[in-house]
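Everything below concerns the one structure shown next.
The values are calculated or read from the model by the stated rules, or taken from the named source; none is laboratory data. Bear in mind the structure is a predicted one, so any value in this text is a computation, not a measurement. Virtual Cβ from ideal backbone geometry, glycine too; neighbours counted across all protein chains shown. Calculation scope for accessible area: heavy atoms of the full protein, side chains included, ligands and nucleic acids excluded. Shrake-Rupley method; radii C 1.70, N 1.55, O 1.52, S 1.80 Å.
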Amino acid sequence: MSQPITEQALPQTPKEKNVLQRIYTIINQNNQLKIGSILLLFLVLIGVFAPLLALYSPTALGDGLLVPPSAEHWLGTDKLGRDLYSMILYGTRTSLMVGFVSAIISGIIGTIIGAYAGFYGGKVERLLTEINNIFLMMPTFFLILLVAALFGNSLIIVMVIIGLTGWASNARLMRAQALSIRERTFIKSSIAIGEKKSFIIFKHIIPNGIFPIIASTTMNISGAILIESSLSFIGLGDPNIISWGQIVFDGRSYMTSGWWVSTFSGFMIVITVLSFYLIGDGLNKVINPKLK
Amino acid sequence: MANYIQKRIITGILIIVVSIVLNFTLIKLSPGDPIRVLSGQDSPSPQMQAELTAKYGLDQSVFMQFINYVGNLAKGDLGVSILSNQPVLKMIMERIGPTLLLALTTAIIALIIGTALGIYCARYRGSRFDNIVSGSSYIFDSMPNFWLGMMLIMIFSSSLGWLPTSGMVDLRTNYTGFNYYLDVFKHWLLPATTIVLVTVPYYFRIARSSIIQVMSEDFITTLRATGMSESRIFNKYVFKNAILPTITVFGINLAYIVTGVAIVEIVFSWPGMGSFMLDAIHRRDYPLLMGIYLLLSISVAIMMIIVDVIYAYLDPRILYKER
């Protein structure tokens, strides 16, 4: 990928179209994007309208313990008699929040480090690239696990630490973008008229090179959701919130007597991760038609 | 080449240094005092406090503490487990066997299946088979491995009763010879299937896309123009060039093998590092956790150097790109 991927690489749409129409045109060109976006829309709606859709309070303890799916409890109940359908609805919020917050943190850090490395070159670049390489190779899942075990397992700590360890791939992409964009004439003229370096980076380099980062950040959302659910599964999740990983973990003790507990919550993880993978992959193909 | 190797070794050493510093910082930053972390107890006995203070020099400056910590590591002392009061290194060595058995076998199987599928689908791109395999690769890629493992247990152990649910051997029996291996194989089958199913998409996608990429390069077009048969081009030129990325990724994955299978081990109570780690988490055996983390970082760094050097040997173009 030596060519810079900029907005020009995207299919040109007539100028009079508004943003929503442009997004629609982009989504429409690729099946993966289409399926992924529909799934995501569905999940966001579930998350937003959870209080309206839920039949019970997700924390209300009922009388029927481990009741199989029925008309009263669509997806059954768990060991404490809580309604699984309502819990799973609320769990959507947790997963989406973890995914977005951690991916945005790693997106921002990666973009800034990569842009500075690529634009400055020389010693700054060598130093930042070396740090980048280290973070690319570190066994991050175990580091996250260690921090969650030591510092307590609040959701905020989990989100921040996933974000802080996941920026390396973004930085590498942004560095490659910055390296090629800085050779373009408009950047050279900005330097010539004496614009500040950080101004050039934030005003020109980042906006022009951000597209691959958006695609990779979408993929990182999937990764973050999987990491959070794995942490919950080994008992390091936040006990004060409802998370799908935790429901799967709880269901582990009732695999024979209550198959529904783990099955449905895990299925939701699959759907959510899948939707972000599809969107990320689709975006990559739209940006870089060679991949088709 | 020497220059390149040197560079990679420096990066490798830096990874180890950063991991050590991180480990040390985590002990210092974690809530409560370091003695609580190192002893794993909220109120350790005065004698224990004194011992730990002396060993890690906790009454000295932060810098001296760090030197002390590194000194202990250099002697191969990763700390002493709270659970068993044994050296961490020794405990890890005792538990790594089953993990390597599970991890290495599944890595090789996944590599072979994934690459074969990738090559086939790249050659017959757009065929129904390609669409089905590519589509399901997304789904398996999105599956949390612990959930897939549980589903397999529910189907093949709980409902059908074909395979055992957990462990590596049946503890109620005392098999020897062939029967013993058969028993291990039965226990291995479900965790291995889980890991293979979630890893295959990875190799599949890399193999497929690198074959497609090589097929679209100019020299292939030239070969076609010479009238060489499609299968000859494929076997002689495409395959050789396209297989490199898969091998590299395989090498890198080998480094992460222990963390990769840890969660699946937990699901199936496989007696390896995963279950060991879970115990350490639940009993707050921090020295053990940190020891595992350090050892992992070191093995990743070493594997990375080996893989990079082999890769540079196989594909010398990489040396020029680095300059």
* To do: Any chance you could count how many residues in the stretch A:191-232 are part of a loop (DSSP other than H, G, I, E, B) and surrounded by fewer than 14 Cβ atoms within 10 Å (Cβ to Cβ)?
  => 3
* Run down B:T115, B:T99 and say which single residue is modelled with pLDDT of 85 or more, within 23 Å of the chain's Cα centre (by Cα) and within 14 Å of another protein chain (Cβ to nearest Cβ). => B:T99
* To do: Could you list, in sequence order, all residues of the stretch A:233-267 that are in a helix (DSSP H, G or I), open to solvent by 10 Å² or more (accessible area, probe 1.4 Å) and within 10 Å of chain B (Cβ to nearest Cβ)?
  => A:F249, A:R252, A:W259, A:T263, A:F267
* **In the stretch B:118-147, residue nearest to B:A192 (Cα to Cα) [restricted to those that are of a type in the set (S, T, N, Q) and under 25 Å from the mean Cα position of the chain (by Cα)]** => B:N145
* Structure fact -> Counted residues in the stretch A:12-49 being at pLDDT below 80 and hydrophobic (A, V, I, L, M, F, W, C) come to 5
* Which of the residues belonging to the stretch A:166-190 are of a type in the set (K, R) and touching a helix residue (DSSP H, G or I) at 6+ places or on another chain (Cβ under 8 Å)? -> A:R172, A:R175, A:R182
* Asked: Can you find even one residue in the stretch A:221-229 that is more than 11 Å from chain B (Cβ to nearest Cβ) and in contact with a Leu (Cβ under 8 Å, 6 or more places away or on another chain)?
  -> no
* To do: May I ask you to say which residue of A:L75, A:L128 is within 14 Å of chain B (Cβ to nearest Cβ), open to solvent by 10 Å² or more (accessible area, probe 1.4 Å) and within 30 Å of the chain's Cα centre (by Cα)?
  => A:L128
* To do: Please enumerate the residues belonging to the stretch B:132-143 that are part of a loop (DSSP other than H, G, I, E, B) and without any contact (Cβ under 8 Å) to a residue 24 or more places away in the chain.
  => B:S142
* **Check on A:A117, touching a residue at least 60 places away in the same chain (Cβ under 8 Å) and closer than 22 Å to B:K7 by Cβ** => yes
* Please give the number of the condition A:S95 fails out of (1) in contact (Cβ under 8 Å) with a residue 12 or more places away in the chain; (2) farther than 30 Å from A:S253 by Cβ. => (2)
* Are there any pairs, at least 6 apart or on different chains, whose C-beta atoms fall under 8 Å, with the first in the stretch B:222-244 and open to solvent by less than 50 Å² (accessible area, probe 1.4 Å) and the second assigned to a loop (DSSP other than H, G, I, E, B), and if so, which? -> B:L244/B:D315
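One line per residue, one yes/no per condition, for (1) more than 12 Å from every other protein chain (Cβ to nearest Cβ); (2) at pLDDT 80 or above:
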site: B:I119; (1), (2): yes, yes
site: B:G126; (1), (2): no, yes
site: B:G149; (1), (2): no, yes
site: B:M168; (1), (2): yes, no
site: B:F178; (1), (2): yes, no
* To do: Tally the residues that are of a type outside the set (A, V, I, L, M), within 14 Å of another protein chain (Cβ to nearest Cβ) and under 30 Å from B:G272 (Cα atoms), restricting the search to the stretch B:200-244.
  => 4
* Asked: Just checking, how many residues over the stretch A:159-190 are within 14 Å of another protein chain (Cβ to nearest Cβ) and open to solvent by less than 10 Å² (accessible area, probe 1.4 Å)?
  -> 1
* Within the stretch B:202-214, track down each residue that is in contact with a Gly (Cβ under 9 Å, 6 or more places away or on another chain) and surrounded by fewer than 24 Cβ atoms within 10 Å (Cβ to Cβ). => B:Y202, B:R205, B:I206, B:S209, B:S210
* In the stretch B:4-25, how many residues are among the charged types (D, E, K, R) and surrounded by fewer than 18 Cβ atoms within 10 Å (Cβ to Cβ)? -> 1
* Would you mind stating whether B:T106 is within 14 Å of chain A (Cβ to nearest Cβ), open to solvent by less than 50 Å² (accessible area, probe 1.4 Å) and modelled with pLDDT of 80 or more? => no
* Filtered residues of the stretch B:275-313 (kept if touching an Asp or Glu at 6+ places or on another chain (Cβ under 9 Å), under 28 Å from A:N133 (Cβ atoms) and away from chain A (no Cβ under 11 Å)) -> B:A312
* What number of residues within the stretch A:135-151 satisfy the criterion of being in contact (Cβ under 8 Å) with a residue 12 or more places away in the chain and either closer than 15 Å to A:L164 by Cα or in contact with a Cys (Cβ under 8 Å, 6 or more places away or on another chain) (or both)? -> 10
* Could you list, in sequence order, the residues of the stretch A:57-83 that are out of contact with any strand residue (DSSP E or B) (no Cβ under 6 Å at 6 or more places or on another chain) and either of a type in the set (A, V, I, L, M, F, W, C) or part of a helix (DSSP H, G or I) (or both)? -> A:A60, A:L61, A:L65, A:L66, A:A71, A:W74, A:L75, A:L80
* **Test: B:F234 is assigned to a helix (DSSP H, G or I), modelled with pLDDT of 80 or more and in contact with a helix residue (DSSP H, G or I) (Cβ under 6 Å, 6 or more places away or on another chain)** => no
* When the stretch A:93-115 is examined, which residues are found to be closer than 23 Å to A:N240 by Cα and buried (at least 24 other Cβ atoms within 10 Å of the Cβ)? -> A:S95, A:V98, A:G99, A:S102, A:A103
* To do: Go through the stretch B:154-196 residue by residue and tally those that are outside any loop (DSSP other than H, G, I, E, B), free of Cβ contacts under 8 Å to residues at least 12 places away in the same chain and either acidic (D, E) or open to solvent by less than 60 Å² (accessible area, probe 1.4 Å) (or both).
  => 3
* Only one residue in B:Q6, B:Q60, B:Q47 is more than 21 Å from B:V258 (Cα to Cα), away from chain A (no Cβ under 13 Å) and at pLDDT 80 or above. Which one? -> B:Q6
* Structure fact -> In the stretch B:80-94, residues that are touching a helix residue (DSSP H, G or I) at 6+ places or on another chain (Cβ under 6 Å) and open to solvent by 70 Å² or more (accessible area, probe 1.4 Å) total 0
* Asked: Regarding A:V286, is this residue under 30 Å from B:I211 (Cβ atoms) and part of a helix (DSSP H, G or I)?
  -> yes
* What number of residues in the stretch B:281-300 are in contact with a Ser or Thr (Cβ under 9 Å, 6 or more places away or on another chain) and surrounded by fewer than 19 Cβ atoms within 10 Å (Cβ to Cβ)? -> 1
